[in-house]
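Participant: First, the structure itself, so that you have it in front of you.
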Amino acid sequence: MDIKVLGSGCANCNKLEQMVFDVLAELSADADVSKVTDFKDIMSYGVMSTPALVINEQVVFSGGVPSKAKLNEIIATELAKKG
């Protein structure tokens with residue numbers, strides 16, 4: 001699974017990135033996690049408000065930091081699609 005956190009590097013972007021690592025650890029899941037800070041790259045996903053979360057090249061959340069429960073649900077759903 002490929003996960004990208006889109007954002008400028010602001011506090012909320014960093015918080016979302018850390019939450020992604022926390023949820024992956026809780027789920028014992030493996031993923032390639034990267035941060036995208038270049039605005040041209042962010043705009044290529046059609047995201048107008050950051051932070052945003054992209055899983056397997058699909059924007060699954062944008063415009064803020066989801067609750068940990070919501071993030072867990074999003075990642076678990078994507079993991080289930082894989083298997």
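Participant: Using a Gaussian network for the chain with springs between C-alpha atoms less than 10 Å apart, which of these wobbles most: Leu27, Leu53, Leu71?
Facilitator: Leu27
Participant: Rolling a 1.4 angstrom probe over the protein heavy atoms, how many square angstrom per residue are accessible across segment 1-64?
Facilitator: On a per-residue basis, 53 Å².
Participant: Right, something else. Counting only other residues whose beta carbon sits under 11 Å from that of Glu17, what net charge do I get with K and R as +1, D and E as -1?
Facilitator: +2
Participant: Could you identify which residue out of Lys40, Lys15, Lys68 has the top mean-square fluctuation in a GNM of the chain using Cα springs shorter than 10 Å?
Facilitator: The residue that fluctuates most here is Lys40.
Participant: Continuing with the same structure: Taking 7 Å along the Cα-to-C-beta vector as the label spot, tell me the Asp32-Met1 distance in nanometres, rounded to one decimal.
Facilitator: Between Asp32 and Met1, the label points sit 1.6 nm apart.
Participant: Considering only protein heavy atoms and a 1.4 Å probe, what is the carbon-and-sulfur percentage of the accessible area of the chain? Working shown, then result.
Facilitator: Details: 2230 of 4570 Å².
Looking at the chain in its full context, I get 49 percent from C and S.
Participant: Report, in degrees rounded to the nearest 10, the 0 to 90 angle that the Cα long axis of helix 68-82 makes with the longest principal axis of the chain.
Facilitator: Taking Cα atoms only, the helix is inclined about 70 degrees.
Participant: Between the helical axis of 11-26 and the dominant principal axis of the chain, each derived from Cα atoms, what acute angle in degrees is found, rounded to the nearest 10?
Facilitator: On a 0 to 90 degree scale, this one is about 10.
The values are calculated or read from the model by the stated rules, or taken from the named source; none is laboratory data. Just so you know, these numbers come straight off a predicted model, no measurement behind them. Here the Cβ is made from the backbone with ideal geometry for all residues, glycine too, and neighbour counts use every protein chain on show. Quick note on the areas: whole protein, heavy atoms, side chains included, nothing else; ligands and nucleic acids left out. Shrake-Rupley method; radii C 1.70, N 1.55, O 1.52, S 1.80 Å.
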